[in-house]
Amino acid sequence: MFGYVKPFKPYLRVYEHEVYKAAYCGLCRELNSSFGFVSTLTLSYDLAFLALCYVGINGDRLKTDSCRCPVHPVKKTKYLRCSGKAFEYAACAEVILVYHKLRDDLHDKGLKHRLRALSLLWKARADYKKAAAKYPELADAVERAMKQQFASERSRSCSLDRAAEPTAAMMSAVFRGLSRTDPDKRELLGRFGYALGRFVYICDALDDLEDDAAAGNFDPLIPKSARGSKTLTREQKEKAADYAENSIMLTLGALAESYVQLDFGGMKPIMDNTVYLGLRQTFYDVKKKALSGKKRQTKGNCK
Amino acid sequence: MNDPYSILGVSKNASEAEIKSAYKKLVKKYHPDRYTDPDMAELANEKMSEINNAYDRVMEDKRNGVTYDDDRYSGGYSSSQNGGYTEYNTYSNFNQNTGFDAYRIRQLISSGDLNSADNMLASVPIAQRNAEWNYLKGMVSYQRGWFNEAYHYTSQASKMAPGNAEYSAAFQQMNRQRSGYMTGNAFQRNSPAVGSPDVCDILNGLCIADCCCEAMGGDLVPCC
């Protein structure tokens, strides 16, 4: 994932912030122990959100522990342990998503990305096989979504709705996996995940607007009048940003419709913050960056 | 890859409801909590992911049309779909004036069979696409998660039939979402009752003020 799903920090309570950080550390430990150190480098806060969703949906109990880790050698850091499989699931989802992201990069990114993808792919493939053995239905669903993505990228010109479909379907599968045995919850989670995936896709498309225009890649937000030209004028950028904002707001509205029907138990305050404030804030940051032309800083440290 | 329909134990032209009930039955049967023996629980767990996978694949098919080309059952599938689709003309609700059966389409949408609903809508000639057609198309798009298309069609519907309460309610709902409304958002103070006094508050205030005045020997509201 891309580091777009995170809470709005100023409104986060202090203990909630600690839980969030500890969940991140718990996930990092899980990745380290089951897939090795290299895989922890790809970790983002989005997956901590996924792990906390798992905890909330399944009503698992959490326990805090502390340890030293190589990234912060001086201070002991707190991390979470979970009575259920929250971290295992999130770690496997991470590995599966990263593998497909790398395969995607290999196809349609510049030389730098291709070389990076090529160097990491052998390791990612081994991890992927391990994770897919644990969660075959998730691996299968993500695989299908990727096939769809190749097809839609080849067609190049399609509406935003269609372009967002593969990412959204992928996230829908990831969130459906949070509940294994409750059909009704699975359906709701699927819809929640779909809207979240759509949000992520639109944010990413707006974030890459200028790069895509310069490289001639397909981006559904580029106005029709600007297709084919290398640079975007100020008006064209504003038009794209407005279009993105309208789509994002519609998406978030629909996201909330399915969100309120789900029971996140003790995790609700954190989820509320992320869903109602964090997502919107992330989008405004992306929009600001897209209009000013500066790189957004937070993307780098999460991914 | 196994045929998802045979895993669920339904025929390829089974209805949504049949598939859903078969799926729910299987989920109950293989629920891992029912098995205390760890080997059996492990087996049930595996079965569970197989069932979930099969169900997801069937539902994705219903949503998108056939998405994967497995020779073993793609032939039978497409023919069954066409069969089900041409059959709708014989339904009694078919409306000769509009050229489509809105009731049937609504049923399909609520059961989640979006692809069939969309096919039925697509077969309506452009000249006959009235407000209801636009509304239904919008609902299909909304269920799919294609919110931009949904917004477009819903706005068309409410433009073509301005008096229709159903269409304008849907359009208003989408407009609210578009301007940033999110259900259940405790951080957003957008309900008019919060902060500003309503009639009840004002009457209460008058009552109390009257009581205070009377205690001091005066009178604010002479009638009580």
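Values quoted throughout were computed directly from the atomic coordinates according to the rules given, and no laboratory measurement underlies them. Computed from a predicted structure; not experimentally measured. Positions of Cβ are backbone-derived with ideal geometry, glycine not excepted, and every protein chain shown enters the neighbour counts.
General observations
- Averaged over peptide B:48-55, the number of partner chain Cβ atoms lying within 10 Å of each residue's Cβ comes to 5.
- Note: relative contact order over the range A:154-303, using C-alpha pairs below 8 Å and six or more positions apart, is 23 percent.
- Residues whose amide H lies under 5 Å from that of A:Cys69, counting only those 5 or more places away or on a different chain, are A:Thr77; hydrogens are built 1.01 Å from N in the peptide plane.
- Taking chain A and dividing mean pair separation by its residue count, relative contact order in percent (alpha carbons under 8 Å, at least six apart): 23
- The mean number of partner chain beta-carbon atoms within 10 angstrom of a residue's beta-carbon across peptide A:259-269 is 1.
- Shielding of A:245-258 by partner chains, average beta-carbon count, 10 Å: 6
- For A:Glu235 and A:Arg13, a Förster radius of 35 Å and the Cβ-Cβ distance give a FRET efficiency of 0.25, rounded to the nearest 0.05.
- Charge dipole (debye, nearest 20) of the protein assembly as shown; +1 at Cβ of Lys and Arg, -1 at Cβ of Asp and Glu: 2020
- Neighbour cut-off at most 14 other Cβ (10 Å), DSSP loop, trypsin sites (Lys or Arg not before Pro), the range A:10-104: A:Arg13, A:Arg61
- Checking every one of the trypsin sites (Lys or Arg not before Pro) in the range A:196-290 against DSSP loop status and a limit of 10 other Cβ atoms within 10 Å picks out A:Lys230.
- Scattering profile of the range A:1-93 at q = 0.17, 0.20, 0.26 Å⁻¹ [log10 I(q)/I(0), Debye over alpha-carbon scatterers]: -0.71, -0.99, -1.54
- Restraint check, B:Lys12/B:Lys47; A:Lys230/B:Lys62; A:Lys9/B:Lys159; A:Lys147/A:Lys230; A:Lys129/B:Lys28; A:Lys9/A:Lys237, Cα-Cα greater than 32 Å: A:Lys230/B:Lys62; A:Lys9/B:Lys159
- Think of the protein assembly as shown as a dipole: +1 on every Lys or Arg Cβ, -1 on every Asp or Glu Cβ, centred on the Cα centre; then among B:Ile51, B:Ala170, B:Met120, B:Ile51 lies furthest on the positive end.
- Where N is the number of residues in the protein assembly as shown, Cα Rg divided by 2.2 N^0.38 Å: 1.10
- Between 0 and 90°, nearest 10: helix A:234-259 axis offset from chain A longest Cα axis: 40
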